[in-house]
Amino acid sequence: MSTAAFKRQSVPLSKLFQSYGKNNSQSKYGGYFLATLIGSGILATSYFNNNKNGNTPSNNHKKLLAGSGIVNTAAIPKGKSIKDYQSLYNEIAEKVRDQDDADDGAGRYGLLTRLAWHTSGTYKKEDNTGGSYGGTMIYKPESTDGENSGLNHGRDFLQEFKDKYSWLSHGDLWTLGGVVAVQECGGPKIKWRPGRQDISDKTRVPENGRLPDASKDADYVKGVFGRMGFNERETVCLIGAHCLGKCHKENTNYDGPWGPSFNMFTNDFFVRLLQNWHVKKWDGKKQYEDDETNSFMMLPTDMALKEDSSFLKYVKMYADDEKLFFSDFAKNFSTLLELGVTFPDSIKPTEFKTLDEQDK
Ligand code: HEM
């Protein structure tokens with residue numbers, strides 16, 4: 001658990017297993033100004049000078065981009081600077097804070113983290129398709145992919161910002177939502193770059209089957225994350241986001257949170273995974289519950305991280321060292337959100353201040 005002073009608390013078990021409901025509404029499609037301002041200096045480099053840790057896609061990813069036919073070049077909307085994105089960050093964060101009690105105490109942290117991951121996690125390095133660039137989750141078949149079930153709540157939550165700011169793309173909005181979620185619940189700073197462009201060409205909407213099916217084993221998980229370009233350590237690290245939020249029976253036929261502090265970013269997922277678990281007897285899909293309290297859950301793919309020795313060493317490493325988990329997660333989540341996007345040198349990664357840091 002994080003030792004950082006942090007205001008969010010564990011939620012009483014009695015509140016854990018109820019679900020929330022909200023209307024689904026389709027997002028309205030909007031556009032971006034094209035790359036007219038690249039290099040114009042409007043997006044002042046001084047705002048984007050936080051790249052000292054080199055949190056750009058790995059060389060592996062860069063090489064693959066270079067070899068593919070599709071190039072998704074980021075461009076900053078006309079007249080916008082990092083100040084506009086910090087303001088947007090603040091507005092999203094304030095709405096998240098206002099809904100701290102939503103989803104029976106989970107708030108919106110898990111939901112927005114999962115939305116950012118699913119918009120990015122369709123990426124295929126082989127041909128540079130999928131990923132967060134085009135904001136294609138508003139189109140079928142991606143919008144109706146069973147693995148995206150429930151993410152209409154996340155898209156609806158963020159829609160007011162898309163309506164308010166016509167210059168904002170879905171890809172930027174949904175990935176920034178994930179950055180807000182992780183940072184505002186005590187997680188590490190996530191470097192982020194703007195400039196994704198909405199795509200309306202339906203032939204570029206990724207087919208179903210790219211996002212992981214939780215009933216599968218370790219080899220399958222390696223295959224899915226390998227397709228995106230992640231190695232085993234990076235894969236284990238990213239799945240540590242299951243410290244946040246919970247499964248909802250009405251979405252996926254899995255149910256419950258992974259632990260009691262599901263509105264705080266911690267390494268608790270790894271600590272708990274190493275404890276003892278048994279198959280839950282119930283009418284939903286096969287999932288595990290903890291021997292000690294029968295209150296928390298693990299998916300079969302979570303258990304696969306413990307069952308496979310090449311994954312297990314990293315589970316132990318992150319369970320033992322939260323600081324390492326935080327720094328690795330920051331790097332890997334940032335990479336995930338940028339898969340398939342080519343950023344011109346003028347668009348530098350930046351870190352946003354949290355509401356607490358701004359005394360808001
Ligand atoms: C093998 C890989 C993965 C599988 C099979 C998987 C599967 C799932 C499933 C079935 C749910 C429940 C959704 C619901 O019922 O509402 C879920 C929730 C969640 N997943 Fe994953 N996931 C994987 C990896 C990841 C990664 C890489 C991240 C982030 C980096 C992530 C973040 C989350 C979060 C935060 C939630 C909670 C959502 C909420 O509270 O609404 N997952 N995942």
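The values are calculated or read from the model by the stated rules, or taken from the named source; none is laboratory data. Remember, it's a predicted structure, so these values are computed and weren't measured experimentally. Cβ coordinates were reconstructed from backbone atoms using ideal geometry, including for glycine residues, and neighbour counts include every protein chain displayed. What goes into the accessible areas is simple: the full protein's heavy atoms, side chains included, and nothing from ligands, DNA or RNA. Shrake-Rupley method; radii C 1.70, N 1.55, O 1.52, S 1.80 Å.
Looking only at the range 56-88, filter to residues that are over 17 Å from residue 348 (Cα atoms) and modelled with pLDDT of 95 or more; which one of those is least open to solvent (accessible area, probe 1.4 Å)?
88
Looking at 357, 351, 292, which is the one that is open to solvent by 50 Å² or more (accessible area, probe 1.4 Å) and free of Cβ contacts under 8 Å to residues at least 12 places away in the same chain?
The unique qualifying residue is 357.
Hey, could you check the range 269-289 for residues that are open to solvent by less than 10 Å² (accessible area, probe 1.4 Å) and in contact with a strand residue (DSSP E or B) (Cβ under 7 Å, 6 or more places away or on another chain) and say which is nearest to the ligand (Cβ to nearest atom)?
287
Taking the range 308-336 on its own, how many of its residues are of a type in the set (Asp, Glu) and away from the ligand (no atom under 13 Å from the Cβ)?
Number satisfying all stated conditions: 3.
Take the range 299-329 and flag every residue that is open to solvent by less than 20 Å² (accessible area, probe 1.4 Å) and either without any contact (Cβ under 8 Å) to a residue 40 or more places away in the chain or within 21 Å of residue 133 (Cβ to Cβ) (or both).
Scanning the range 299-329 gives a single hit, 303.
Does residue 111 qualify as being buried (at least 20 other Cβ atoms within 10 Å of the Cβ), more than 16 Å from the ligand (Cβ to nearest atom) and within 14 Å of the chain's Cα centre (by Cα)?
Judged against the criteria, residue 111 is not a match.
Return the residue satisfying two criteria in turn: it lies in the range 210-252 and is more than 7 Å from the ligand (Cβ to nearest atom), touching a residue at least 60 places away in the same chain (Cβ under 8 Å) and polar (S, T, N, Q), and of such residues it is least open to solvent (accessible area, probe 1.4 Å).
Looking at the filtered set, the residue picked out is 235.
Okay, residues lined up against (1) assigned to a helix (DSSP H, G or I); (2) within 16 Å of the chain's Cα centre (by Cα); (3) at pLDDT below 95:
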{"site": "318", "(1), (2), (3)": "yes, no, no"}
{"site": "332", "(1), (2), (3)": "yes, yes, no"}
{"site": "335", "(1), (2), (3)": "yes, yes, no"}
{"site": "348", "(1), (2), (3)": "no, no, no"}
{"site": "353", "(1), (2), (3)": "no, no, no"}
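Answer with yes or no whether residue 194 is away from the ligand (no atom under 12 Å from the Cβ) and not basic (Lys, Arg).
yes
Pick out the one residue from 277, 258 that is closer than 18 Å to residue 113 by Cα, aromatic (Phe, Trp, Tyr) and touching a Phe, Trp or Tyr at 6+ places or on another chain (Cβ under 6 Å).
258
Does residue 266 qualify as being near the ligand (Cβ under 10 Å from one of its atoms), in contact with a helix residue (DSSP H, G or I) (Cβ under 8 Å, 6 or more places away or on another chain) and open to solvent by less than 30 Å² (accessible area, probe 1.4 Å)?
No: the conditions fail for residue 266.
Residues in the range 352-359: is at least one on the phi > 0 side of the Ramachandran plot, away from the ligand (no atom under 15 Å from the Cβ) and among the charged types (D, E, K, R)?
yes
So which of 201, 163, 172 ends up being buried (at least 21 other Cβ atoms within 10 Å of the Cβ), more than 12 Å from the ligand (Cβ to nearest atom) and charged (D, E, K, R)?
Testing whether each residue is buried (at least 21 other Cβ atoms within 10 Å of the Cβ), more than 12 Å from the ligand (Cβ to nearest atom) and charged (D, E, K, R) leaves just 172.
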